[in-house]
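Notes to accompany the following structure.
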Amino acid sequence: MRFITTFQAYDFLDTLVSLSAAFVLGTLIGAERQYRLRTAGLRTNVLVAVGAAAFVDPFTGSGMLMALESGELAAHSIVRHRNKLLEEYGSRNLCDDYAREYGQKFDSRLRVCDLLRRVAFKPRLAQLAITLCGASDRFRHRLARATRSSATSPRTI
């Protein structure tokens, strides 16, 4: 029932447009790659594009990066457990492994983003954070690093 009282048509349409655009653009990119017989074809590009569009954090803008990193974690988990998937508990072990790695990689980053989100809606705290970021390069860089990936090597798909 809470959904009906809190429903915002503008937010819903904004999300719908973002997901639709991601689907169309992901389809175009995937179709082109599949036509040229490249890896990461139609389905992969559609899933990555829509997943990234659904997962964009407005405070850090790191939705695409986190979607790619979580896809990479899933792929590594599948490769590690490929021989065990047909066993009785193979898929459960795979899911547990992925969930553990996801938590290790993203938990602190998501906690910092959640804290920033909460601070942004409290005027006094927001002003304090703005003042700190403006006054201290070190604080600003540490905050930026806390909301970004720790990997420095470029990713290839």
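Would you tally the net charge around R118, using a Cβ to Cβ cut-off of less than 13 Å, leaving R118 out, and scoring K and R as +1, D and E as -1?
On the way: positive: R111, R117, K122, R124; negative: D114.
Counting the neighbours of R118, the net charge comes to +3.
Q127 to H76: extension gain in nm, 0.36 nm per residue of separation minus the Cα-Cα distance? Present the calculation step by step, with values, prior to reporting the outcome.
Numbers: separation 51, 0.36 × 51 = 18.36 nm, distance 4.20 nm.
Result: 14.2 nm gained on full extension.
Could you calculate the contour length gain from R43 to L19, that is, 0.36 nm times the residue separation minus the distance between their Cα atoms, to one decimal place in nm?
Details: separation 24, 0.36 × 24 = 8.64 nm, distance 1.51 nm.
Fully extending the segment from R43 to L19 adds 7.1 nm.
How large is log10 I(q)/I(0) at q = 0.16, 0.20, 0.29 Å⁻¹ when the Debye formula is applied to the Cα atoms of the stretch 1-54, each weighted equally and without solvent?
-0.53, -0.67, -0.98
Tell me the label-point distance for the pair Q34, S91, using the 7 Å Cα-to-Cβ offset, in nm and rounded to one decimal.
According to this spin-label approximation, the distance is 2.4 nm.
Going by a ≥ b ≥ c, the root eigenvalues of the Cα gyration tensor, does the stretch 93-140 fall in the rounded group (a/c under 1.5), the prolate group (a/b larger than b/c) or the oblate group? Show your work: numbers first, answer last.
Numbers: a/c = 8.21, a/b = 2.53, b/c = 3.24.
Cα axes put the stretch 93-140 in the oblate bin.
Compute the length gained on full extension between N83 and D107: take 0.36 nm times their separation in residues and subtract their Cα-Cα distance, giving the result in nm to one decimal.
Gain in length upon complete extension: 5.8 nm.
What distance in nm separates the simple spin-label points at D11 and S136, each placed 7 Å from Cα in the Cβ direction?
3.2 nm
The numbers here are math on the coordinates, done by the rules we state, and not lab data. Worth saying up front: this structure is predicted, and the values here are computed from it rather than measured. No Cβ is skipped: glycine too gets one built from the backbone with ideal geometry, and neighbour counts run over all protein chains shown.
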